[in-house]
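Structure, as structure tokens:
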Protein chains: 2
Amino acid sequence: MSAPASKSPATLHDVAREAGVSLATASRSLNGSARKVNEAYRERVVEAAQRLGYTTNLFAQAVAKGSTTTVALLVADIADPYFSSIAAGVIDAASEENLVVTIAVTGRNAQRELETVRALRGQRPRVMILAGSRPTASAFQEELRAELTAFEDTGGKAAFISQDAPPFATVLLDNRRGAHDLAVSLAELGYRDVAVIAGPSEIRTAEERLDGFTAGLAEHGILLTPERIIQADFTRDGGYRGAQELLASGLAVDLIFAVNDVMAVGVVSALRNAGVVPGEEIGVAGYDDIPTVQDITPALTTVRIPLEDVGRRALRLATGSASSGAGTEAGDGPGTIPMKTILRESTPRRQA
Amino acid sequence: MSAPASKSPATLHDVAREAGVSLATASRSLNGSARKVNEAYRERVVEAAQRLGYTTNLFAQAVAKGSTTTVALLVADIADPYFSSIAAGVIDAASEENLVVTIAVTGRNAQRELETVRALRGQRPRVMILAGSRPTASAFQEELRAELTAFEDTGGKAAFISQDAPPFATVLLDNRRGAHDLAVSLAELGYRDVAVIAGPSEIRTAEERLDGFTAGLAEHGILLTPERIIQADFTRDGGYRGAQELLASGLAVDLIFAVNDVMAVGVVSALRNAGVVPGEEIGVAGYDDIPTVQDITPALTTVRIPLEDVGRRALRLATGSASSGAGTEAGDGPGTIPMKTILRESTPRRQA
DNA sequence: GGTAGCAGAGAAAGCGCTTACCGAAGCCTT
DNA sequence: AAGGCTTCGGTAAGCGCTTTCTCTGCTACC
């Protein structure tokens, strides 16, 4: 049952001996060094390494070099398609730069997020990317900021996604504008009795979407009164319950906008279970354009965010390999991601 | 534009000096050591560490200790809900044991997988978890096996998910039985003209599901002829095209089973676009029970796998903290995950 | 032919941490 | 009261790498 006396992995030392060269030469041969190495030597070293199944111990390398090849990514929930798509982008861009990605999940919990950041700092990652944090909770806000500042002071780089956290880099999603445009489109389609399933108020993203949406409606003379705004928690079930609550309230409603798709899916389900035909009797719109929403019935109107791109962008922004200009619409300001309203069956034109 | 002369992070040395104790004492105070430390000293050290914003450099610790706190997870595609759910489980279980998880994606590419394993080895992870590999491709198979063997020989532990790779630990999903039971249920519902959207033949999981399904049908006298089996690639689009192909073939079909849900979703979409009402004219079934499938119309019949559990289990299996017995059905053999057929609207009882 | 100059291998000093090992101090035993 | 234990700081030797610096052996130039 017990493991066989496991030899430890081959070290550079072993390789050097095997190749009959010095430690220094071995190091220089294997890991790109500024200095040149005699080609014959290099070959011998490479062969020896191969023979011994040697792989550079990245930890040792990191301590010697004083810098790592790690990227830390914090997400609220990796099983949520919003975050997993972003993660895919981050990982993709990272592997292009030979960086490995460590993922931690914070469960939308500020306390936990702070702890995670602290723990992750021990890894001395080159960069830290935070998605889905809720920095509005000001007590933690301060501590988090302090922690990240310390991180940056010691050579790291922090980047936020969709969260404008002033001293730090951000991949800005123009949630306000996206939601605004969506509202305008919907108003033009004839919707008037609008309700919103909002997100947790401490989450900036949620707040911005609500704001933008409200503003867009206002331009068409539609007022979003407080009782038409239901708070939920970004989950499918939250959306479901929100819709139920709305139906129970007896308010006249011809459109429900959930500030993210996951909740919108819950809304659709709730409506149907309540005997309301989504899309016909009540329109439904979401936000994010996660893959699911084009497959449900009715296909959901939403706002598309190129999530993988966002992830990639965040990484590049943080590592400094910013492909400046690419993808950034002129006038959007640097780093702002374009979004697009996608109208689908869930919000047909309203017969007046 | 350039960063301010960034001081490097505080070291243990700094802490020791600040607290007026020796390096050794500082180390012992901060990182659980077998030996006792005078409480007064310990406090001073802890305070000093706090004051300096010190966090143990895990890399240095790892090189000194000769062991890390890293877990490497390889998945085919992190944006696929199948894998992201597993990842969620792995991360959850890992954080319980204070391990950090590094995720790499291999894109269902054997070559890439091999390279990734090699690269990840450099991190000297405690364990490596492989999900969605395709070890049937025998050339790489050998090399991969060799690499992993070397990994284990040097103290690591490799674990596969849903992939029986003999010398290594595995969280076995009884795909064969799950698919078998599904087939039986469907046959009992009256389906006869069955077709399958199979997965890539090198992927064991795909193969097992096809096998089990075929066997289940056979018990009810239903023969699955080769032209009724379409190969696809586990993606939504693959399922979509598979269904198109099937429709174009002119075969009589009353049920399409896609070996994973993601493809099944594509099938539903293809049917509908071709003017066929899924669930009524042709039944559809999938496998995995990803969240989406209960929200699409018709809700899909599928086989439920407790994916997060699978991830958790894999981690525990690999770290040795096996909660033996928990969740394992007696007689299933250790480590086999129970699965359950979920019948939904997409496969109503067939009128004879 | 002699000296300057350069290329490039090797020795050795770290990187930040852990952990034998050493030795001073306090306690007990007889 | 003296020797032997136990306790617990501190010293220093690594862990597996990188990198500076030294030093040898050439080539090159006049």
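The values are calculated or read from the model by the stated rules, or taken from the named source; none is laboratory data. These numbers come from a predicted model, not from an experiment. Glycine also receives a Cβ, built like all others from the backbone with ideal geometry; neighbour counts cover every protein chain displayed. Quick note on the areas: whole protein, heavy atoms, side chains included, nothing else; ligands and nucleic acids left out. Shrake-Rupley method; radii C 1.70, N 1.55, O 1.52, S 1.80 Å.
Among the criteria (1) away from DNA strand C (no atom under 13 Å from the Cβ); (2) at the interface with chain A (Cβ under 10 Å from one of its Cβ atoms), the one B:THR68 does not fulfil is (1).
The residues listed here are A:VAL101, A:VAL105, A:VAL90, A:VAL75; of these, the one that is under 17 Å from A:VAL171 (Cβ atoms) and facing chain B (nearest Cβ under 7 Å) is A:VAL101. Taking the stretch B:12-45 as the range and being away from DNA strand D (no atom under 13 Å from the Cβ) and of a type outside the set (D, E, K, R) as the test, only B:GLY32 passes. Of the residues screened, A:THR116 is not one that is β-branched (Val, Ile, Thr), open to solvent by less than 40 Å² (accessible area, probe 1.4 Å) and away from every other protein chain (no Cβ under 14 Å).
Matching residues to (1) within 13 Å of chain B (Cβ to nearest Cβ); (2) touching a residue at least 12 places away in the same chain (Cβ under 8 Å):
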| position | (1), (2) |
| --- | --- |
| A:LEU224 | no, yes |
| A:ASP233 | no, yes |
| A:GLY239 | yes, yes |
| A:GLY242 | no, yes |
| A:ASN260 | no, yes |
| A:ALA270 | yes, yes |
| A:TYR287 | no, yes |
| A:ASP295 | yes, no |
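Across the stretch A:6-33, what is the number of residues that are exposed (fewer than 15 other Cβ atoms within 10 Å of the Cβ) and more than 11 Å from DNA strand C (Cβ to nearest atom)? Here the count works out to 5. All told, B:ALA198 falls short of being touching a Phe, Trp or Tyr at 6+ places or on another chain (Cβ under 7 Å) and open to solvent by less than 20 Å² (accessible area, probe 1.4 Å). In the stretch B:186-207, what count of residues is obtained for those that are outside any helix (DSSP H, G or I), closer than 26 Å to B:ARG350 by Cα and under 30 Å from the mean Cα position of the chain (by Cα)? So the count comes out to 5.
All conditions but one from (1) closer than 30 Å to B:GLN351 by Cα; (2) open to solvent by 50 Å² or more (accessible area, probe 1.4 Å) apply to B:LYS157; the one that does not is (1). For the list (1) more than 12 Å from DNA strand C (Cβ to nearest atom); (2) open to solvent by 70 Å² or more (accessible area, probe 1.4 Å); (3) closer than 29 Å to B:PRO125 by Cα, I need the number of the one condition that B:ARG51 fails. B:ARG51 satisfies all of (1) more than 12 Å from DNA strand C (Cβ to nearest atom); (2) open to solvent by 70 Å² or more (accessible area, probe 1.4 Å); (3) closer than 29 Å to B:PRO125 by Cα except (3).
Suppose the filter is more than 10 Å from chain A (Cβ to nearest Cβ), open to solvent by 10 Å² or more (accessible area, probe 1.4 Å), more than 16 Å from DNA strand C (Cβ to nearest atom) and without any contact (Cβ under 8 Å) to a residue 60 or more places away in the chain; does B:GLU43 pass it? It is true that B:GLU43 is more than 10 Å from chain A (Cβ to nearest Cβ), open to solvent by 10 Å² or more (accessible area, probe 1.4 Å), more than 16 Å from DNA strand C (Cβ to nearest atom) and without any contact (Cβ under 8 Å) to a residue 60 or more places away in the chain.
If you go through the stretch B:163-190 and keep only what is touching a Leu at 6+ places or on another chain (Cβ under 7 Å) and crowded, with 24+ Cβ neighbours inside 10 Å, you end up with B:VAL171, B:ALA183, B:LEU186.
Please go through the stretch A:144-158 and give me each residue that is within 9 Å of another protein chain (Cβ to nearest Cβ) and among the aliphatic types (A, V, I, L, M), ordered by number. Within the stretch A:144-158, A:ALA146, A:ALA150 qualify.
On the stretch given as the stretch B:46-65, residues that are within 16 Å of A:THR68 (Cα to Cα) and within 7 Å of chain A (Cβ to nearest Cβ) total 8. Condition test on A:LEU186, is it of a type in the set (A, V, I, L, M) and within 14 Å of another protein chain (Cβ to nearest Cβ)? Considered against the rule, which asks whether it is of a type in the set (A, V, I, L, M) and within 14 Å of another protein chain (Cβ to nearest Cβ), A:LEU186 comes out as no.
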